[in-house]
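Take this structure, written in structure tokens, and hold onto it; I'll ask about it next.
The values are calculated or read from the model by the stated rules, or taken from the named source; none is laboratory data. Just so it is clear, the model here is predicted, and its values are computed rather than measured. Please note: Cβ atoms are built from the backbone with ideal geometry, for glycine as well, and neighbour counts cover all protein chains shown.
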Amino acid sequence: MNYLQQIAQLFEEYTFAYNARQIGPAEYKSLLEGLEIEKVVSMNAAELEYKENLNLAINTAIKAATSHLGTLQHFV
Amino acid sequence: MKTLFASFMMLLLSGCVLLDAYFMAGYDTNEYALVNKIKTKAELSVEDCKDVKKSRQNAEDLYFIAIEMKNFAENIPRNVDTTKLATNLVELTKQGKEQYAKDSNVSEIFCKLKLQQISRSAEVAQKVIGKKPR
């Protein structure tokens, strides 16, 4: 289940609790605002993960290039 | 001319992303410990949800730790993404704290659901913070 599906499911859960009067209007509003933040957290985390993967790829490429250079210098 | 300009802009932008990724702040044990503390505190606080007084204190404690994490992360160079995550956690914990501040009878179910939101978000943040370059 991706995070958007999870958020949709949570929205239903909160609405059910509100309609069943298990939570008040202010509590319901707070939970919905929290859902909005959860969505942003997932987006920000995905952005950071993308940079981490890019960082790993760059460093791997640099290491490979450095070792290649070292091999070339050995022959010169 | 337009194609040339567009190509130049694309090169410039991808270069910025690469530089941003290459120089990103590395893994920090304190940062990881703080986000782990938020997650653990949120998980354990569920047990206190029947007691409004204890839950109010738990909400304030969670807000304090989230602020502590944001303050720690925001002055580390090239750490914008972790600062964004910490700011999100501050907002989330602030919502819980504010509910207890304005309502003396916060429901047990709200307490549990809000703590679950905090715990889930802290876990998402923890996973990516733990993968930062060593």
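Quick one: would you say A:A57 is under 19 Å from B:Y27 (Cα atoms) and free of Cβ contacts under 8 Å to residues at least 60 places away in the same chain? Full working, then the answer.
On the way: under 19 Å from B:Y27 (Cα atoms): yes; free of Cβ contacts under 8 Å to residues at least 60 places away in the same chain: yes.
In short, yes.
Filter the stretch A:27-48 down to the residues that are at the interface with chain B (Cβ under 7 Å from one of its Cβ atoms), surrounded by fewer than 16 Cβ atoms within 10 Å (Cβ to Cβ) and modelled with pLDDT under 95 and list them by number.
Applying the first criterion (at the interface with chain B (Cβ under 7 Å from one of its Cβ atoms)) to the stretch A:27-48 yields A:27, A:30-31, A:33-34, A:37-38, A:40-42, A:44-45, A:47-48.
Checking which are surrounded by fewer than 16 Cβ atoms within 10 Å (Cβ to Cβ) leaves us with A:33, A:47.
Listed by number, the list holds a single entry, A:E47.
Condition check ((1) assigned to a loop (DSSP other than H, G, I, E, B); (2) polar (S, T, N, Q); (3) within 13 Å of another protein chain (Cβ to nearest Cβ)) across all residues:
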{"position": "B:E31", "(1), (2), (3)": "no, no, yes"}
{"position": "B:F64", "(1), (2), (3)": "no, no, no"}
{"position": "B:I67", "(1), (2), (3)": "no, no, no"}
{"position": "B:T83", "(1), (2), (3)": "no, yes, yes"}
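Taking the residues in the stretch A:11-31 that are of a type in the set (D, E, K, R) and part of a helix (DSSP H, G or I) as candidates, determine which candidate is farthest from B:E108 (Cα to Cα). Spell out the reasoning first.
Residues of the stretch A:11-31 of a type in the set (D, E, K, R): A:12-13, A:21, A:27, A:29.
If we keep only those that are part of a helix (DSSP H, G or I) too, we end up with A:12-13, A:27, A:29.
Numbers: A:E12: 19, A:E13: 15, A:E27: 11, A:K29: 16 Å.
Restricting to residues being of a type in the set (D, E, K, R) and part of a helix (DSSP H, G or I), the top hit is A:E12.
List the residue pairs whose Cβ atoms are under 8 Å apart, where the first residue sits in the stretch A:20-37 and is over 11 Å from B:G96 (Cα atoms), the second is at pLDDT 95 or above and part of a loop (DSSP other than H, G, I, E, B), and the two are 6 or more positions apart or on different chains.
What qualifies is A:Q22/B:S107; A:I23/B:S107; A:G24/B:S107.
If B:V128 passes every condition in (1) within 10 Å of chain A (Cβ to nearest Cβ); (2) surrounded by fewer than 18 Cβ atoms within 10 Å (Cβ to Cβ) but one, which one does it miss?
Every condition holds for B:V128 apart from (2).
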